[in-house]
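The values are calculated or read from the model by the stated rules, or taken from the named source; none is laboratory data. Since we're looking at a predicted model, the values are computed, not measured. Glycine also receives a Cβ, built like all others from the backbone with ideal geometry; neighbour counts cover every protein chain displayed. Note: accessible area is taken over every heavy atom of the protein model, side chains too, but ligands, DNA and RNA are not part of it. Shrake-Rupley method; radii C 1.70, N 1.55, O 1.52, S 1.80 Å.
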Amino acid sequence: MENKQQSNGEMKENKVVKKKMNWSGSLIVASLTGAFGSSFLYGYNLSVVNAPAVYIKKFYNETWERRYGFSVDESTLTLLWSITVSIFAIGGLVGAIIVTPIVKFFGRKCTLLLNNVFAVTAALLMSLSLLVGSFEMLILGRIIMGVDAGISLSALPMYLSEISPKEIRGSLGQVTAIFICVGVFTGQVLGLPEIFGQESRWPYLFGAIIVPSLIQVVILPFLPESPRYLLLEKHNTSKAEKAFQTFLGKDDVSHEVEEVLAESRVQRNTKLVSILQLLRTRAVRWQVITVVVTMGCYQLCGLNAIWYYTNNIFSEAGINHETIPYVTLSTGAVETVAAVFSGLVIERLGRRPLLIGGFGLMVVFFAVLTVSLTLQKTVHWLPYLSIFCILAIIASFCIGPGGIPFVLTGEFFQQSQRPAAFMIAGTVNWLSNFAVGLLFPFIQGGLQTYCFLVFAAICFAGAAYLFFVLPETKNKTFHEISQAFAKRNKVSLEMQEMNHYPGERKSSAEQESTFTSSVNNGETKKGIV
């Protein structure tokens, strides 16, 4: 009995030690540095244009008057401002389209590093536009910054999913969402009148973009490339082993190397799958559909509409106009706290409850917000309920829908399919983003406060789809996740392997023999990989 208790105690102790070992210093530094120069900048550029909007429009008008001798008319000024804001999404779409060949040729880490060329170029163009007297530089900088965001929102989740152990893959994947929220909050803080939210200082808001880029360029080169990329695409076992050792903080990584190679033992070589090939692959059909649905709902769920209404709702609640920018910080703070909470609990609760629960709560709060906005002039306390609903919708979004779609895209697909999958996800993400920016003013104009019912319907549809289709992926390998989708894809597991890995297949004994020989010799043979 004593031995049994001692054995159980040892097992628990080993489990705790293993959990601690998963979070090595190098893994933490790589995820924080990668996200700070990538998803942080995406979030920052979402919010940074809000505070100086009045001053930028004034700059547009003065530039126009200096060039043509007369003031720009209101409709043209509105058009120029709309282009400045929405062209960021067009740049993002371009970045999402070109990311696949870049990550294939340069690797995940090098793509993140090279992407800083876009960020620094954009920062210089936008920060110097006032000095030069060219609003075209600001618009060009926004589209280049969009390209940077489009690349980073695919390359970063790919890198994080490939360097993390499966036990903490979800938590590490949520770093992308956390830094988006931190970026939004930072943009709000720096936009305050006491800092850069003044007519003479607004260019500094865009110049600040250089700081995260330089930090990433200084630190990231000292960290390894994705071990999966090195092993499966570059066929470099020695470098992959060193990368695993650095990220996992241990010397014996033979189990991790074998686990990665198990994904590709039956294929003759790892070739990059095109988007068309991925869409034609029956074995991943429902995985692709699920990525499209989650990414579509991520942008179409109405969070952008919430930002649009925030100032009006705060004003209706009796908050002083000068105080509103400070109160708005509460939305960024709630967003950040909710994203961090999600990162802490995702490996305990799983992806399904957070995604479905997040969308479900948004449906409830959108419905309540619609009622409170419609009746707020008749009942004096209803504006405060509207403020609560806004904060609750933001929190509900960030605990699940705000980051998990990026995690799922990394988990659903094998190495050769992942770049194409992220290209599809990125394309849906940016097209949906652009559609919301383009159509929301018309929806809001036609439906007024009832426009939130449209978003409630989208959230409900997303939650219903995920409830019936999405399997739990927590702590599961690619093989196990494929198995969960096999029945819905109407293929046997054997057929899935044939779909994933075309060509002649070796016997298990031969594969095992070749694999052992490869690891012993310190090199990976193309016959396996």
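Taking every alpha-carbon pair under 8 Å whose residues sit at least 6 apart, the chain reaches a relative contact order of 23 percent. Each helix, a run of at least 4 DSSP H residues, gives -39500 (n - 2.57); summed and divided by the residues of the chain, these come to -25000 deg cm²/dmol at 222 nm. The 1.4 Å probe gives accessible areas that order GLU335, GLU347, GLU199, largest first, as GLU199, GLU347, GLU335. Counting only heavy atoms of the protein chains and using a 1.4 Å probe, HIS479 has close to 90 Å² of accessible surface. With both labels modelled 7 Å from their Cα along Cα-to-Cβ, the TRP81 to LYS271 distance reads 5.3 nm.
Each of LYS109, LYS377 has its accessible area taken with a 1.4 Å probe; listed largest first, they run LYS377, LYS109.
With both labels modelled 7 Å from their Cα along Cα-to-Cβ, the ASN304 to ALA464 distance reads 2.4 nm.
Checking understanding here: applying a Kyte-Doolittle mean of at least 0.0 and a length along the axis of at least 24 Å (C-alpha), which whole DSSP H helices in the chain pass? Counting only whole DSSP H runs, the qualifying helices are 74-106, 135-163, 324-349, 351-375, 382-399, 418-447, 451-469.
Relative to the Cα centre, the charge distribution of the chain, modelled as +1 at Lys and Arg Cβ and -1 at Asp and Glu Cβ, gives a dipole magnitude of about 1060 debye. Between ARG488 and ARG348, the simple label model (points 7 Å from Cα in the Cβ direction) yields a spacing of 2.7 nm. When the Cα gyration tensor is reduced to axis lengths a ≥ b ≥ c, the ratio a/c is 1.5 or higher for the chain, and with a/b above b/c it is classed as prolate.
With every protein chain in place and a 1.4 angstrom probe, the accessible-area ranking of THR323, THR76, largest first, reads THR323, THR76. Between ILE324 and VAL29, residue separation times 0.36 nm minus the direct Cα-Cα distance comes to 102.6 nm. Say the cut-off is 26 Å between C-alpha atoms; which of LYS271/LYS476; LYS104/LYS490; LYS58/LYS377; LYS166/LYS242; LYS234/LYS490; LYS234/LYS474 go over it? In this structure, LYS104/LYS490; LYS58/LYS377; LYS234/LYS490; LYS234/LYS474 lie more than 26 Å apart at Cα.
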